[in-house]
Amino acid sequence: MAALMTNDQSCFFALALGVSFLKCLLINAYHSSDFEVHRNWLALTHSLPVPQWYYEATSEWTLDYPPLFAWFEYGLSHIAWFFDKEMLVVQNLNYASPATILFQRLSVIVADVVFFYAVKECCKCLREDKGKDLLGKPSFILTVLLLWNFGLLIVDHIHFQYNGFLFGVLLLSIARHFQNRHFEGALLFSVLFNLKHIYLYIAPAYGIYLLRCFCFTQSNADGSLQWRSFSVVRLVTLGTIVLSTFAVSFGPFIALGQLPQVLSRLFPFKRGLCHAYWAPNIWALYNIADKALSILGVKFKLLDINKLPKASMTGGLVQEFQHSVLPSVSPLATLVCTLLSILPALFRIWHRPNGARGFLCCLVICALGSFMFGWHVHEKAILMAILPLSLLAVESREEARIFLILSITGHYSLFPLLFTTQELPIKIFLMLLFTIFSLTSLKTLFRKGGALLNPLEATYLLGLIPLELICEFVYPLTVWQKTFPFLPLMLTSVYCALGVTYAFIRLYISLLTCSDSTKKIKTQ
């Protein structure tokens with residue numbers, strides 16, 4: 001047993017060191033405007049007093065993350081000072097000296113230690129089948145699916161963000177709930193929410209799960225709720241943990257009377273329904289339907305082209321716009337749609353919790369529901385569903401199938417983030433590497449049931465190959481490139497939206513039809 005543990009640990013550390021080495025090789029790769037965003041946040045938190053943090057507007061990239069992340073940047077800034085003091089000057093816009101690039105890249109790589117630890121803890125929650133070879137071990141497969149996740153690699157270590165650190169906190173929180181360490185799990189999620197407010201989307205899964213499975217200590221024989229088992233002490237303790245975290249994070253700004261200003265930065269609803277590049281969700285399909293109807297309306301003289309609003313949905317601008325034929329969508333409408341999309345999942349885990357596994361499945365549905373119906377969704381938000389789904393993929397054949405569809409489609413939808421020529425072979429190679437491993441390892445793990453994907457699903461995924469060839473190599477050579485430069489992005493978004501929507505529906509069916517006895521992830 002000791003030798004087995006040693007082998008597993010050696011394998012884990014080898015994978016962690018290998019991916020860290022790869023990240024170091026990407027230090028001088030292309031970086032997006034998010035690089036300047038975080039440099040500016042380093043500068044303003046280091047150079048300005050706290051009351052000015054959420055008012056500073058020298059750069060267009062103003063501070064729009066919660067206060068705990070601002071303090072995270074403040075801590076990093078004191079290390080950045082030893083690399084290059086000039087990066088900490090607010091007025092030095094778009095400053096990117098070699099030392100600045102090195103520091104910011106290394107800060108992301110080092111912060112990923114949190115992610116490594118979380119992955120290791122998640123692997124402890126899996127039940128291993130003895131005697132299996134490496135590709136047949138769920139823990140090994142999960143380690144690779146998480147540590148070498150294609151989307152996380154390109155978003156953090158080429159495009160540039162700190163998602164690995166944040167997802168580390170999320171996965172560690174999930175692991176703690178599987179280990180029945182619910183207070184720690186709640187604390188970690190509360191900290192996470194105060195680091196990046198996008199995780200508000202999955203807060204309902206946490207709230208319902210902790211109330212149903214932790215505050216109510218017993219269930220009836222049929223699985224229904226036993227109301228008399230409610231623990232006021234547990235509820236008060238959870239509330240104290242959450243409120244204390246928010247007090248530490250937002251307290252200073254509440255004391256300064258700046259809460260409205262902070263909230264206006266965190267929730268900028270004046271941005272448009274869709275990002276410059278449409279995230280592959282329901283609104284991408286809605287937008288293309290509106291465009292198709294407007295074209296048909298003009299062709300059959302049902303609409304006056306002069307009265308139609310000018311197209312702004314694919315011009316690369318982040319702004320409000322009006323649809324031409326279909327009703328325009330308001331932030332309130334997206335909120336209602338998002339809530340309606342997750343209510344059945346919340347209802348399910350309230351009435352038939354299915355333990356931590358049901359919670360995790362509900363969490364993924366909340367993440368996907370918000371991605372599908374949310375306001376101004378970034379394409380990168382798909383990782384909030386793909387990474388937690390990895391845990392389910394190694395213990396259930398149906399979830400493995402859904403994971404393959406969602407991860408391949410969702411990861412390909414990130415391709416437009418890297419549009420430079422030198423990064424083209426990198427993203428294609430890393431995508432193929434991750435996809436081939438996912439397919440072969442999960443097929444090996446669930447070899448007894450036949451093919452994981454049916455012919456239609458496999459054909460759809462193979463369709464990404466001609467789509468990439470057209471968008472990357474053929475279309476730039478056509479005369480339409482100058483007239484309709486947005487068309488490849490639109491095709492990518494709409495095609496991927498079909499796959500993401502299908503995965504969302506399949507996951508819902510899996511949650512609503514699964515048996516309470518289907519448990520391979522262990523709770524301690």
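Quick notes on this structure:
- Semi-axes of the equivalent ellipsoid for the range 282-514, Cα gyration tensor, largest first, Å: 33, 25, 14
- Residues in the range 282-514 average 45 Å² of solvent-accessible surface per residue, probe 1.4 Å, ligands and nucleic acids excluded.
- Order by protection proxy (mean Cβ within 10 Å, highest first), peptides 501-513, 287-299: 501-513, 287-299
- Summarising the overall dimensions of the chain from its C-alpha atoms, the Rg and Dmax are 23.5, 77 angstrom.
- Which listed pairs, of 120/448; 23/427; 299/482; 23/443; 291/380, have C-alpha distances above 18 Å, in listed order: 120/448; 299/482; 23/443; 291/380
- Taking every protein chain into account, the accessible area of the range 1-134 amounts to 48 square angstrom per residue (probe 1.4 Å).
- Across the range 282-514, the relative contact order, built from alpha-carbon pairs under 8 Å that are at least six residues apart, equals 24 percent.
- Placed amide H near residue 230: partners under 5 Å, 5+ positions off or other chain: 217
- As an equivalent ellipsoid, the range 11-111 spans semi-axes of 26, 15, 12 angstrom, where each value is the square root of five times an eigenvalue of the C-alpha gyration tensor, largest first.
- Between the range 412-465 and the range 143-176, the alpha-carbon centres lie 18 Å apart.
- Surface share of carbon and sulfur [accessible, 1.4 angstrom probe, percent] for the range 282-514: 73 percent
The values are calculated or read from the model by the stated rules, or taken from the named source; none is laboratory data. Just so you know, these numbers come straight off a predicted model, no measurement behind them. Every residue, glycine among them, receives a Cβ derived from its backbone with ideal geometry; neighbour counts consider all protein chains shown. We work out accessible area using only protein heavy atoms, side chains counted, and drop any ligands, DNA or RNA first. Shrake-Rupley method; radii C 1.70, N 1.55, O 1.52, S 1.80 Å.
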